[in-house]
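Below: the structure, in structure tokens.
The values are calculated or read from the model by the stated rules, or taken from the named source; none is laboratory data. None of these values were measured; they are calculated from a predicted model. Cβ placement follows ideal geometry from the backbone for every residue including glycine, while neighbour counts extend to all protein chains displayed. Note: accessible area is taken over every heavy atom of the protein model, side chains too, but ligands, DNA and RNA are not part of it. Shrake-Rupley method; radii C 1.70, N 1.55, O 1.52, S 1.80 Å.
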Amino acid sequence: MQFLAQILFVIALVAGVGLFIRNIRRIIRNIKLGRPVDRKDNPGERFAMMARIAFGQSKMVKRPLSGFLHIIVYLGFIIINIEVLEIIIDGIFGTHRVMGAAGPPYNFLIGAFEILAFLVLVGVIVFWTRRNISNIYRFLGNELKGWPKNDANYILYFEMVLMTLFLVMNATDYQLQLKEAPYYFRETGIIGSFPISQFLSPIFEDLSISTLIVIERAAWWLHILGILFFLNYLYYSKHLHILLAFPNVYFAKLTPQGQFNNLQSVTDEVKLMMDPEADPYAAPADAEEEEMPAKFGASDVMDLNQVQLLNAYTCTECGRCTSECPANRTGKKLSPRKIMMDTRDRLEDVGAIINKKGKFEDDGKQLLDDYILREELWACTTCNACVEACPVGIDPLSIILDMRRYLVMEESAAPNELAIAMTNIENNGAPWPYNQMDRLNWADEK
Amino acid sequence: MAEAIKVPTMAEYMAEGKKPEVLFWVGCMGSFDDRAKKVTKAFVKLLSEANVDFAVLGTEESCTGDPAKRAGNEFLFQMQAVTNIEVLNGYEIKKVVTACPHCFNTIKNEYPVLGGNYEVMHHTTFLKSLLEEGRLKVEGGKFKGKRITFHDPCYLGRANNVYEAPRDLLRKLEVELVEMKKCKKNGMCCGAGGGQMFKEPEPGNKDVNIARTEQAMEVKPEIIAAGCPFCNTMMTDGVKSKDQEKNIEVMDVAEMIANAHDL
Ligand code: SF4
Ligand code: SF4
């Protein structure tokens with residue numbers, strides 16, 4: 001009987017972790033569909049940035065209430081993982097509170113977990129209230145209707161249940177120890193300290209030892225199965241950020257926000273055009289140049305780079321970007337959060353085709369038009385407010401820009417007035433139809 | 001204030017076999033837009049007053065390509081950039097100053113990979129350095145005690161982390177500097193960047209410049225100080241649409257300093 005529980009535990013653990021590894025590999029495969037991009041420079045600076053922004057949550061506290069609550073939930077999450085380690089050891093070897101041998105430090109740890117679990121519970125309830133009852137602009141966006149909203153709530157319910165299970169497990173364990181139940185009781189005294197669950201404990205006082213054991217075991221099992229389930233739920237959820245925030249911040253852009261990347265393929269062509277020696281009708285020098293010219297800009301996820309795709313998986317849908325976006329705040333369709341969500345949705349759809357068919361086959365859809373509308377793209381002022389606001393270092397603007405590049409350079413589909421301004425730049429060296437020769441007239445004007 | 005000002009060109013310097021201390025990059029707005037031209041002139045007067053040996057490119061200057069790049073026309077941008085860099089390198093330019101944050105950002109950050117390496121400064125940073133070197137004096141004059149708020153241009157502030165130079169200059173003008181709720185890193189766009197200046201906005205419930213002007217009006221300024229010709233136009237239009245042009249002026253920092261000097 002004892003062994004049966006251990007065997008079941010190992011099966012659950014292997015299945016849970018195995019599935020999780022499969023999911024992670026799919027994510028990596030999907031991200032690799034993007035174009036390579038070199039972000040290996042300045043590792044020192046990148047580590048420091050990761051420590052500050054991802055580990056230290058420095059951007060979260062820009063909004064003090066949600067920042068503070070988030071830090072509690074985050075700490076709770078990290079620290080309770082130590083508890084999970086004990087659960088795993090206990091589960092495999094059929095022991096009970098194996099780390100209890102450590103004595104007072106262990107008691108302190110369990111006490112700290114309890115307090116954190118309680119704070120997490122409070123934090124999560126406030127989060128739920130903010131999200132569902134308070135009228136907070138960034139939680140009202142259209143893109144949050146349906147699954148994204150449910151997803152956010154599921155996570156909150158989940159955390160509530162997990163924390164409650166943890167406290168119930170401790171409360172019944174405490175009772176069992178008081179009642180000197182075999183296997184729970186140790187001669188050395190009470191194992192663990194229960195600053196929070198001692199208040200729950202009286203509820204269980206009158207129960208028999210066998211009932212208590214059933215409740216304790218049920219809480220223990222549900223707690224660990226819940227965690228394994230949660231691990232696999234991540235893949236389907238905005239909650240993936242608890243893992244990806246770290247690499248995502250590490251690979252974020254280090255150059256000034258106003259500096260947009262340079263398209264090398266364009267540079268090569270411009271060089272050719274500007275070189276008076278070059279013969280435009282000359283045959284390409286070698287076979288390499290006969291290859292299909294690279295597509296300019298992005299119309300689908302495969303045209304984006306790998307960091308942009310990582311960004312899409314990392315987005316937590318918090319909407320801090322959108323609530324700072326001047327276009328969104330003035331009622332335009334553009335929402336940088338939606339840009340990220342659309343990119344992830346499209347990437348997932350592409351991934352699903354690959355899962356099914358072994359490789360990508362055209363499904364008649366693309367990121368442009370089928371997910372992101374031109375109207376959204378053209379509303380952007382390239383102000384970088386979204387980039388600044390994102391607590392996990394996402395750059396929605398770079399995707400907007402790459403898609404504009406596709407519209408302009410591949411489709412010549414800029415809004416008419418913009419197209420005129422561009423023609424003027426080309427012909428007159430200014431966005432207006434003035435003559436370049438008049439450029440110094442201001443000096444003579446009174 | 002009436003007589004035309006002397007504006008030497010690079011070609012003239014070259015003809016004399018001399019090199020100026022700094023090239024003043026005027027920009028399209030600064031060259032052609034009536035409002036921005038006033039800023040250009042004010043800045044030139046300050047340069048002359050501080051005895052700065054400067055030159056402009058004049059008819060050899062062309063659009064930096066900023067609106068093209070941000071609208072997605074990388075081709076046009078690079079064509080513009082390469083042409084401009086050729087001219088700048090031909091004159092062996094080392095130092096560039098400009099009153100337009102878009103030109104500033106583009107020349108400073110996007111020209112180097114294409115072969116254009118210069119020390120680039122926004123005019124407020126340059127004026128501040130003149131002040132520190134004791135070449136320019138800035139004092140309150142008619143601005144003393146006035147309630148003024150500074151609107152951070154996205155391409156100067158968030159994009160390049162220049163927040164203090166314009167504010168330091170305003171403080172020297174002995175004004176009462178009040179900050180909007182959204183300022184510095186969290187400043188809000190005037191609505192003109194990314195090519196928006198040249199097109200109608202997408203449908204929404206408000207124009208961006210109106211929303212930004214409302215934010216500025218919340219702090220009840222007598223003057224909204226700007227450091228960008230695009231912002232200047234957008235905020236001026238915003239103030240007009242609120243019928244507040246009699247109560248609130250929109251002025252470039254350089255204009256204010258020149259005005260305080262009665263230049
Ligand atoms: S850069 Fe574009 S998407 Fe981002 S906040 Fe500014 S206007 Fe919105
Ligand atoms: S891009 Fe960043 S700020 Fe915007 S919703 Fe996603 S995580 Fe939040």
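Amide H contacts under 5 Å for B:Val250: B:Ile224, restricted to partners 5 or more places along the chain or on a different chain, H placed in the peptide plane at 1.01 Å from N. Using a 1.4 angstrom probe on heavy atoms only, work out the carbon and sulfur share of the accessible area of the range A:101-215 in %. On the range A:101-215, the fraction of accessible area on carbon and sulfur atoms equals 69 percent. Each of the peptides A:341-350, A:134-143 was scored by the mean count of other Cβ atoms within 10 Å over its residues; in descending order, highest first, they stand as A:341-350, A:134-143.
Helix A:209-233 and the longest principal axis of the Cα set of chain A meet at an angle near 10°.
Relative to the longest principal axis of the Cα atoms of chain A, the long axis of helix A:2-31 lies at roughly 10 degrees. Residues A:Thr255, A:Thr322, sorted by accessible area with the largest first, give A:Thr255, A:Thr322 [1.4 Å probe; ligands and nucleic acids excluded].
The range A:1-38 and the range A:142-204 have Cα centres separated by 26 Å.
Work through the residues other than B:Leu114 whose Cβ is under 15 Å from its Cβ and net out their charges, Lys, Arg +1 and Asp, Glu -1. Once all neighbours under 15 Å are counted, the net charge is -4. When you work out D = kT/(6 pi eta Rh) for chain B at 37 °C and 0.692 mPa s, using the Kirkwood radius from C-alpha pairs as Rh and the Stokes-Einstein form, the result is 175 µm²/s. Simple rule: put +1 on each Lys or Arg Cβ and -1 on each Asp or Glu Cβ in chain A, find the dipole, and look at A:Ile21, A:Pro195, A:Leu228; the Cα lying farthest toward the positive end is A:Pro195. Across the range A:169-177, coupling constants 3J(HN,Hα) worked out from phi with the 6.51/-1.76/1.60 Karplus curve, θ = phi - 60°, read 4, 5, 5, 6, 4, 4, 4, 4, 5 Hz, and Gly and Pro carry x. Only protein heavy atoms count here, probed at 1.4 Å, and on that basis chains A and B bury about 5600 Å² of accessible area in total. Counted residue by residue at 0.36 nm each, then reduced by the alpha carbon distance between them, the extension gain from A:Asn42 to A:Arg131 reaches 28.2 nm. Computed over every Cα-Cα pair of the range B:177-218 and binned at 10 Å starting from 0, the pair-distance distribution P(r) comes out as 26, 51, 22, 2 percent. Take the Cα of A:Gln198, step 7 Å along the line toward its Cβ, and report every residue of the range A:110-129 whose backbone nitrogen sits under 18 Å from that point. Once the point is set 7 Å along Cα→Cβ of A:Gln198, A:110-119 turn out to lie under 18 Å by backbone N, inside the range A:110-129.
Among the cysteines of chain B, those with no neighbouring cysteine Cβ under 4.7 Å are B:Cys28, B:Cys63, B:Cys183. Relative contact order for chain A: 19 percent, from Cα pairs under 8 Å spaced at least 6 residues apart, divided by residue count.
Please average, across the residues of A:215-227, the number of beta carbons from any other chain that are within 10 Å of each residue's own beta carbon, and give a whole number.
0
Projected label points at A:Arg35 and A:Gln6, each 7 Å from Cα along the beta carbon direction, are separated by 5.6 nanometres. Between 0 and 90 degrees, the angle of helix A:396-405 with respect to the longest Cα principal axis of chain A falls at about 30 degrees. For chain A, the dipole from Cβ point charges (+1 on Lys and Arg, -1 on Asp and Glu) about the Cα centre works out to 1620 debye, to the nearest 20. Note that the range B:75-88 has calculated 3J(HN,Hα) couplings of 4, 4, 4, 5, 4, 4, 4, 4, 5, 4, 4, 4, 5, 4 Hz, one per residue in order, obtained from phi through the Karplus relation 6.51 cos²θ - 1.76 cosθ + 1.60 (θ = phi - 60°); glycine and proline are x.
Backbone phi angles across the range B:18-31, fed through the Karplus curve with coefficients 6.51, -1.76 and 1.60 (θ = phi - 60°), yield HN-Hα couplings of 10, 10, x, 5, 8, 9, 8, 8, 7, x, 5, 4, x, 8 Hz in residue order; Gly and Pro are listed as x. With a 10 Å cut-off around each Cβ of B:108-116, the average count of Cβ atoms from other chains is 3.
For B:Val178, nonlocal amide neighbours, meaning residues 5 or more places apart or on other chains whose placed amide H falls under 5 Å from its own, are B:Ile148, B:Thr149, B:Phe150.
For the peptide A:432-442, the mean number of other protein chain Cβ atoms found within 10 angstrom of a residue's Cβ is 6.
A 1.4 Å probe run over the protein chains yields, for the range A:1-137, 56 Å² of accessible area per residue, whole-number rounding. Our note on the geometry: Cα centres of the range A:365-427 and the range B:97-136, 27 Å apart.
The residue list B:Val44, B:Leu127, B:Leu76 was ranked by how far each Cα lies along the charge dipole of the range B:10-131 toward its positive end, using unit charges on Cβ atoms, and B:Leu127 comes out on top. Ranking A:Ala352, A:Pro391, A:Met409 by Cα position along the charge dipole of the range A:305-446, where only Lys, Arg, Asp and Glu carry charges on their C-beta atoms, puts A:Pro391 farthest toward the positive end.
Per-residue surface analysis assigns A:His241 an accessible area of about 30 Å², computed on protein heavy atoms at 1.4 Å probe radius. With all protein chains in place and a 1.4 Å probe, the accessible surface of the range B:57-103 carries 55 percent carbon and sulfur. The residues neighbouring B:Thr59, those whose beta-carbon lies less than 14 Å from its own, together hold a net charge of -4 under the Lys/Arg +1, Asp/Glu -1 convention.
Ranked from largest, the principal axis spans of the Cα set of the range B:10-131 equal 41, 34, 25 Å. Using the Cβ-Cβ distance between B:Arg147 and B:Lys246 with R0 = 22 Å, the FRET efficiency computed as 1/(1 + (r/R0)^6) comes to roughly 0.90.
As a fraction of the 1.4 Å probe accessible area of the range B:137-259, surface on carbon and sulfur atoms comes out at 47 percent. Shown for the range A:375-402: residues covered by the partner protein chains by 40 Å² or more of accessible area relative to the chain by itself (probe radius 1.4 Å), namely A:Glu375, A:Trp378, A:Thr381, A:Thr382, A:Cys383, A:Glu388.
Using R0 = 51 Å, the C-beta based FRET efficiency linking A:Leu140 and A:Ser210 works out to 0.50.
Using the 1.4 Å probe convention, the accessible area of the range B:10-131 works out to 30 Å² per residue with neighbouring protein chains retained. In this rough spin-label picture, where each label sits 7 Å from Cα along the Cβ direction, the B:Glu119-A:Thr255 distance is 2.3 nm. Apply the a/c threshold of 1.5 to the C-alpha gyration tensor of chain A and tell me whether it is rounded, prolate or oblate. Since a/c reaches 1.5 and a/b is larger than b/c, the shape of chain A is classed as prolate. Taken over the Cα atoms of the range B:137-259, the convex hull encloses 101 Å³ per residue.
Site pair A:Ile71 and B:Arg135 shows an inter-label distance of 4.6 nm when each label is modelled 7 Å from Cα along Cα→Cβ. Legend: calculated FRET efficiency, A:Ser412 to A:Ile92, from the Cβ-Cβ distance at R0 = 51 Å, rounded to 0.05, equals 0.20.
Taking a Cβ cut-off of under 12 Å around B:Cys100, the surrounding Lys, Arg, Asp and Glu residues balance to a net charge of -3, with basic ones at +1 and acidic ones at -1. A cysteine counts as unpartnered when no other cysteine's C-beta lies under 4.7 Å of its own; in chain A this applies to A:Cys315, A:Cys318, A:Cys325, A:Cys380, A:Cys390. Close amide H contacts of B:Val96 (hydrogens built in the peptide plane, cut-off under 5 Å, sequence separation of 5 or more or a different chain): B:Leu23, B:Glu119, B:Val120, B:Met121.
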